[in-house]
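The values are calculated or read from the model by the stated rules, or taken from the named source; none is laboratory data. Fair warning: this is a prediction, and the values are worked out from it, not measured in the lab. Here the Cβ positions follow ideal geometry from the backbone for every residue, glycine too, while neighbour counts run over all protein chains shown.
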Amino acid sequence: MINYKREGSILHIKSYAFAVRIVKLFRYLADKDKRMHDIFRQLLRSGTSVSANVHESEFAQSPSDFTSKLYISLKEANETMNWLNLLLDTDYISQKEFESMANDCQELIALLVASIKTVKRNNQAIVK
């Protein structure tokens with residue numbers, strides 16, 4: 001259950017929900033194998049960073065700072081996909097778990113790409 005109540009963009013809501021899922025996956029994995037803790041922490045860092053940067057973009061100092069935060073979120077989401085693939089290929093998560101997490105991550109990537117394109121298009125219209 002997510003207690004965080006936020007009115008805002010779908011990107012804010014979905015990135016936060018994804019971060020919650022990442023934290024829960026990290027706890028599950030950390031209990032499963034302590035030796036792989038460093039790898040699991042990388043997943044935790046990149047997966048939660050997506051939401052953190054999306055939320056940080058809300059108070060960006062400039063349009064370029066706003067775009068930069070979205071790009072950072074996009075890169076972190078892409079890194080998270082790498083860790084999810086690695087966990088699948090090393091049998092730490094099942095195909096079903098992977099598909100669920102990967103679908104959410106890919107959706108965030110698509111939302112981020114669309115948001116970045118919109119911001120760039122709007123900024124170009126202002127400059128002209």
Take residue 84 and decide whether it is crowded, with 17+ Cβ neighbours inside 10 Å, of a type in the set (A, V, I, L, M, F, W, C) and over 30 Å from residue 122 (Cα atoms).
yes
Only unsatisfied item for residue 57, checking (1) under 30 Å from residue 120 (Cα atoms); (2) in contact (Cβ under 8 Å) with a residue 24 or more places away in the chain; (3) touching a Leu at 6+ places or on another chain (Cβ under 9 Å), is (2)
Condition check for residue 50: within 22 Å of residue 13 (Cβ to Cβ), in contact with a helix residue (DSSP H, G or I) (Cβ under 6 Å, 6 or more places away or on another chain) and β-branched (Val, Ile, Thr)
yes
Filter the range 18-27 down to residues that are among the small types (Gly, Ala, Ser) and in contact (Cβ under 8 Å) with a residue 40 or more places away in the chain, then give me how many there are.
0
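Quick one: which of 41, 21, 35 is surrounded by 13 or more Cβ atoms within 10 Å (Cβ to Cβ), among the charged types (D, E, K, R), in a helix (DSSP H, G or I) and over 14 Å from the mean Cα position of the chain (by Cα)?
Criteria check complete, one pass: 41.
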Scan (1) in a helix (DSSP H, G or I); (2) farther than 24 Å from residue 122 by Cβ for the single condition residue 68 breaks and write down its number.
(2)
Of the conditions (1) surrounded by 13 or more Cβ atoms within 10 Å (Cβ to Cβ); (2) at pLDDT 95 or above, residue 123 clears all except one; give me its number.
(2)
Contact list please: Cβ distance under 7 Å, first residue in the range 91-110 and under 13 Å from residue 81 (Cβ atoms) and at pLDDT 95 or above, second residue crowded, with 16+ Cβ neighbours inside 10 Å and of a type in the set (Phe, Trp, Tyr), pairs at least six apart or on different chains.
104/18; 105/18; 108/18
Please enumerate the residues belonging to the range 7-18 that are polar (S, T, N, Q) and part of a helix (DSSP H, G or I).
15
